[in-house]
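For reference, the structure discussed in these notes is given below.
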Amino acid sequence: MNRTDTLFAALADPTRRAILARLAEGEAGVMELAEPFEISQPAVTRHLKVLEGAGLILRRAEGTRRPCCLNPDALGEIEAWCTRLRETFAANYDRLDTLLANLQRKDAP
């Protein structure tokens with residue numbers, strides 16, 4: 001799996017997206033992140049490992065606490081992929097507009 005696939009796979013899960021949304025508000029520990037979910041702390045830890053493996057979050061050891069925060073550079077690759085896709089769509093629509101204009105000119109009396 002390439003890096004972009006790994007990022008999208010990590011973002012595919014709604015719990016992981018909710019965790020990222022929470023981390024957008026600021027750093028949090030595993031127990032804080034587990035609070036709003038009806039899943040176990042080990043399940044939240046597994047989600048965090050997926051997010052960390054995808055490079056979306058950073059974790060550090062602080063005694064027994066392992067606070068997490070967003071990786072500020074993580075979404076750059078997804079943003080670049082979306083930009084390329086947007087540019088491709090725009091080019092396709094421009095070609096379609098040109099084709100339709102040419103067809104309308106041919107049909108005009």
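General remarks:
- Checking each residue in region 8-33 for being among the aliphatic types (A, V, I, L, M) and outside any helix (DSSP H, G or I) picks out ALA12, ALA24, ALA28.
- Conditions (1) over 18 Å from ILE78 (Cα atoms); (2) in a helix (DSSP H, G or I): number failed by PHE37: (2)
- Scope region 46-72; condition of a type outside the set (D, E, K, R) and either exposed (fewer than 14 other Cβ atoms within 10 Å of the Cβ) or more than 19 Å from the chain's Cα centre (by Cα) (or both); matching residues: GLY53, ALA61, GLY63, THR64, PRO67, PRO72
Each value in this text was obtained by applying a stated rule to the coordinates, not by laboratory testing. From a predicted model like this one, the values you see are computed outputs, not experimental measurements. Glycine also receives a Cβ, built like all others from the backbone with ideal geometry; neighbour counts cover every protein chain displayed.
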